[in-house]
Amino acid sequence: MKEELERLFAEALAKLKSAVEERQVAEIKTEFLGKKGKITALLRGLVNISQEQRPVMGRLTNEVKVSLEEKIKESLAGIRERKRKEDLLHESLDITLPGRRVPIGRKHPITEVCNEIIGIFLGLGFQISEGPEVELDYYNFEALNIPKDHPARDMHDTFYISDEVLLRTHTSPVQIRVMEKQSPPIQIIAPGKAFRCDSDVSHTPMFHQVEGLMVGNNITFGDLKGILTIFVHQMFGDKTRLRFRPSFFPFTEPSAEVDMQCVICRGKGCRVCSFSGWLEILGSGMVDPEVFKIVGYNPNEITGFAFGLGIERVAMLKYGINDIRMFFENDMRFLGQF
Amino acid sequence: MKVSFNWLREYVDIDLAPDELGEDLTMAGFEVESISKVDTNLNNVVVGKIVSLKPHPNADKLSLCQVSTGGHLYSVVCGAANMISGDYVALALEGALLPNGVKIKNTKIRGELSQGMMCSEEELKIGRDSQGILILQDGLELGKDIASALNLEDYIFEINITPNRPDCLSIIGIAREIASITGKILKIPKIEFREGNEKIDKLTSVEIHDPELCPRYSASLITDVTIGLSPFWMRRRLESAGIRPISNVVDVTNYVLMEFGQPLHAFDFDLLSERRIVVQRADDGDIFTSLDGMERPLFSDTLMICDGEKPVAIGGIMGGLNSEVSEDTSNVLIESAYFNPTNIRKTSKKLGLQTEASYRFERGVDYGGVIRTLNRATQLVLDFCGGKAAKGVVDQYPSPIFPKEISLSINKTNKILGTSLKKGKVKRHLKGIELDVKDLDRDKVIVKIPSFRMDLHREIDLIEEVARLDGYNNIPTTTPVVRVNTAGKNPAQVLQDSAKDILASMGYLSVALLNLNVEHPYKRFVSIKNPLREDQSIMRTTLIPGLLNTMKTNVYNKNLNLKLFELGTVFYSVEHEKLPKEKKMLSALATGLRYGESWSFPGEGIDFYDIKGSLENLFEGLNIMNFSFLPTPDIPYLHPGKSSIIMVDNTEIGTVGEVRSAVLEGYELSNNIYIFELDFDLMVKHTFSDKKIKPLSKYPPIYRDIALIVDESVQFKDIYNAINKLSNKLVDNIQVFDVYRGISVAHGKKSLAYRIKYQSYERTLTDKEVNNIHEKLVSNLVEKVGARIRE
Ligand SMILES: [Zn+2]
């Protein structure tokens, strides 16, 4: 009987080996382990053997049964695994087809750059102020130490609404409006639109600026350099070199133009920087005592600095845009890239 | 300003290369915008001397010259007539290629050998004169390359002079700065000439009637001058500065203008009635013909230079045609004056006339240098135009200006700059730019300001000079103590950011539109007095035309599927207010395919419900809760059947709809376009800031559907409201899930299908209970709205 058992086991294994479908395995299971299966029959036949042989043979037969069940499970698993692999093979997609994209919008590059600039100054403890775009001559010029008939007015091609009212030519009037309302210390930025009657590759009648003002008891020119250095490093990378050079704005003294190392050629010289290696990025200076007097501060006690930068200029450098008018043409092919 | 490198070197020794000098000037506050090399490209053109000259044997108009180049003698046939034996000339030898394309070869002209060509300025492209050959100054080195002999190679610096530094609108002014930067000595030209015996006071006089507008007026007189061409080098220098040479006398005045920055004017003395000068205001309405031939209306604040009976020049701006120096002039009066800067600027603006002179006078010229420059001009006229100078000058100086003295505290300087400069160093810096500095006490110095630095009148001006001269980059970079602020952005600014984010997430691109416009659907618009263009002549009152224009540009570029928005300002004039009201608006436009061109999306066009959905998302995203849409046929630019007013908490905050085709025609558009425009300032007021969540039910909901066939005129909201009214508190949500017209629904009717969600927050509902409630609801509804149940 033992031989018979081993023979059946071997036969079953051989059949299992050649089985390729689940159905075949099921048949093999029925053939050997089913109610009328060959091994089941052997088990049933145990009643016919001697009393002392029975437990031995019983255990042996059971072992074979368990082991065969195990093999059947393995075989089934194997077949299923093969089947799954085959199925996956048939189900494969053309994953090179483009994904199903619901079009998403983008923010205008000026908005993006402006937010980035604002973010840096918020981090430095500045607050945001705003002022009107249609402004009084007084705030735009006179209070900034640019009286009527001052040659510095030539630096501003102004749109006038009336003799007293104009489109602000810079965001600097916000300085005055803030200082009129608040007493020092003051630490604000004022992003916004400004207007000049000028239109070419590098000028549009409307453009965006961020104004900054920091006023207090012991603010120095060195501090101006410090804050603007932090700004440029955060905006353009902390390896960017800077230089400060004398300039003239009627509402600051000393005044400084800030150049940064050309981001295109890294200072080697290229067309963008007119081969100088430097790019003008900011106008700045210590608030002129005249301005403090106008807003009722005591210039002997209070010092401070102000600065202004063109957002389009920063965006042009950041994204390699060479015509400022592109910002306002709003061609989707342009806007979609930000 | 254009500044010649060679010219600068006449006043200061420069060891630096042009680009190094440019860098130094820029860092000293004189921004060099460009440096261009002047290259003549003249080869084989050398200095020659005519040693003999005789007529050509076979031609009347030609002559035969022997020209020496030092080592060599050349025979040259020449057609010009302006040279004599002994003249120095520019000789082009065999192999030379002239700028006009002529190649010089040895040749025979009418049987005579010609080994080169004597050239005119024009042929060498180094000047405009083509009347005869160029006669050089005597004594040049023979055989020397013409470019180096005449210093033709040069660099022109384009320097941006800021309005506070009129002293640097001159070659000497820049040279003075270079001297201070490099520690060299400024060499001012020696002014010496022989005066005649006749005293100028006997020959002419000057009267100033308005000392406020003309604090100083001086004049010199030179008789018997010969008008002609000024010397080559002078013309060349004027050209390098961008000034066109005219004649020797005029060129001298312009030369001194560029050299010292003092505008001068030369009058034909014989054309001045009564041979005298009167400085006075014009009368309103007078007309005067200026040098450029233009008739100029005058005003009572226009300062005129007059003779005994009539105006002869607009003071400080431009001379008159009636006293112009011409070929026939033989006696000249030269004016050197100081005019009131503000009045010059006013006049120049009023007349719309800006000249080299007015540009300098309005910024302020050196009132102390008036006589020196007058003498310089006299010297140069005598040198190059001949004639005889009257003895002395006329100098009317009724309101003298005295040099200022300013005290400067070293402590204050260091406090403002954040430096620790020592007094000695500060003094050295200031002395380096010719300021007179003396100690006042331990901390302070007293600084006497020279007449050419009118921009220095306060202590802070000196502090700036100290910073500039020490170098901004030597000032230590420090970080100030920063205040901790409570909030960087106010709620409106935060809401703007959110609105932009939400719209972008729904596929809208943000655009930047000009605030300038032409359309003015509202009467209270603000218009610009001096617009650049007709279509940018008012401040916008709505963002919609800008969006439609943007769409037009994009359609032209074949971008047809567009979702655009802008959050920007509009302007309305307000009665009795100087400034207009500024309001923030949020507008968007949607057109084209809902999902754009895609292989996997149906190509469905955007319609009203897309833009309405965008608005609903936007409001919810911004926590604006209580909003509703009211149909309206009254918005002039929107389709009457496809437009709506948007209400929030019973306040109208905007409109939405399809743009009328009549409006689109104006933009040459024909697409279906949907837009909305919202008053953003109002939205800010209606945003709900303390949002609390609604609890979630632990029990499963039960859904029941109901489809009703109703007349077309019945609206979704009618039924929705009816259901709402009829339902008990177990109705948690009502949703429309199908709107159907067509087979099985009669013409003029539509089927609306609603899904009702029954939900308790206290227990599990049973089917039976819900069925009861639902059946009651349905029968009530049928009765109430006259609907039929669709099976
Ligand atoms: Zn570069």
**Message:** For the stretch A:296-338, give me each residue that is in contact with a Leu (Cβ under 6 Å, 6 or more places away or on another chain) and more than 14 Å from chain B (Cβ to nearest Cβ).
**Reply:** A:LEU309
**Fill in**
Expected single match for modelled with pLDDT of 95 or more and of a type outside the set (Val, Ile, Thr) among B:LYS422, B:LYS404 is B:LYS422
**Request:** Could you tell me which of the residues A:ALA194, A:ALA190 is in contact with a His (Cβ under 8 Å, 6 or more places away or on another chain) and either facing chain B (nearest Cβ under 7 Å) or small (Gly, Ala, Ser) (or both)?
**Result:** A:ALA194
**Asked** Just checking, how many residues over the stretch B:473-510 are within 7 Å of chain A (Cβ to nearest Cβ), within 34 Å of the chain's Cα centre (by Cα) and touching a residue at least 12 places away in the same chain (Cβ under 8 Å)?
**Response** 8
**Request:** Kindly indicate whether any position in the stretch B:575-583 is surrounded by 19 or more Cβ atoms within 10 Å (Cβ to Cβ) and more than 9 Å from every other protein chain (Cβ to nearest Cβ).
**Result:** no
**Fill in**
Checked A:ILE227, A:ILE219 against criteria (more than 16 Å from the ligand (Cβ to nearest atom), in a loop (DSSP other than H, G, I, E, B), facing chain B (nearest Cβ under 9 Å) and in contact (Cβ under 8 Å) with a residue 40 or more places away in the chain); the one match is A:ILE219
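So, in the stretch A:292-318, how many residues would count as being within 16 Å of the ligand (Cβ to nearest atom) and either over 27 Å from the mean Cα position of the chain (by Cα) or aliphatic (A, V, I, L, M) (or both)?
The number of residues fulfilling the criteria is 3.
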**Prompt:** Which of the residues that make up the stretch B:160-178 are more than 13 Å from chain A (Cβ to nearest Cβ) and at pLDDT below 95?
**Reply:** none
**Asked** Tally time: how many residues in the stretch B:624-669 are surrounded by fewer than 14 Cβ atoms within 10 Å (Cβ to Cβ), polar (S, T, N, Q) and over 45 Å from the mean Cα position of the chain (by Cα)?
**Response** 3
**Complete:** Pairs returned, first residue in the stretch A:249-268 that is over 17 Å from A:LEU282 (Cβ atoms) and not assigned by TED's automatic domain parsing to the domain that holds A:VAL232, second residue that is outside any loop (DSSP other than H, G, I, E, B) and not acidic (Asp, Glu), beta-carbon separation under 8 angstrom, 6 or more apart or interchain, are none
**Message:** Report every pair of residues separated by at least 6 positions or lying on different chains whose Cβ atoms are under 6 Å apart, first residue within the stretch A:113-124 and more than 9 Å from chain B (Cβ to nearest Cβ), second crowded, with 19+ Cβ neighbours inside 10 Å.
**Reply:** A:VAL113/A:ILE311; A:VAL113/A:VAL314; A:VAL113/A:ALA315; A:CYS114/A:PRO191; A:CYS114/A:ILE311; A:ILE117/A:VAL210; A:ILE120/A:PHE231
**Request:** State which residue is nearest to the ligand (Cβ to nearest atom) when the search covers only the stretch A:237-259 and only residues that are within 13 Å of another protein chain (Cβ to nearest Cβ) and in a loop (DSSP other than H, G, I, E, B).
**Result:** A:ARG241
**Complete:** Of the conditions (1) in a strand (DSSP E or B); (2) over 27 Å from A:PHE244 (Cα atoms), the single one that A:GLY304 does not satisfy is (2)
**Request:** Just one of (1) at the interface with chain B (Cβ under 8 Å from one of its Cβ atoms); (2) touching a residue at least 40 places away in the same chain (Cβ under 8 Å); (3) not hydroxyl-bearing (Ser, Thr, Tyr) trips up A:HIS203, so point out which.
**Result:** (1)
**Asked** Across the stretch B:511-531, what is the number of residues that are modelled with pLDDT under 85, surrounded by fewer than 20 Cβ atoms within 10 Å (Cβ to Cβ) and within 11 Å of another protein chain (Cβ to nearest Cβ)?
**Response** 0
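Can you list the strands (runs of 3 or more DSSP E) found entirely within the stretch B:671-744 that contain at least 2 residues being over 60 Å from the mean Cα position of the chain (by Cα)?
Hits in the stretch B:671-744: B:702-711, B:731-740.
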**Asked** Any idea which of B:GLY621, B:GLY596 is surrounded by 12 or more Cβ atoms within 10 Å (Cβ to Cβ), at pLDDT below 90 and within 45 Å of the chain's Cα centre (by Cα)?
**Response** B:GLY596
**Asked** For the stretch A:260-291, what are the residues that are out of contact with any strand residue (DSSP E or B) (no Cβ under 8 Å at 6 or more places or on another chain), within 12 Å of chain B (Cβ to nearest Cβ) and within 8 Å of the ligand (Cβ to nearest atom)?
**Response** A:GLY269, A:PHE275, A:SER276
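The values are calculated or read from the model by the stated rules, or taken from the named source; none is laboratory data. Please read these numbers as outputs of a predicted model, since none were measured by experiment. So basically every Cβ, Gly included, is an ideal-geometry build from the backbone, and we count neighbours across all protein chains shown.
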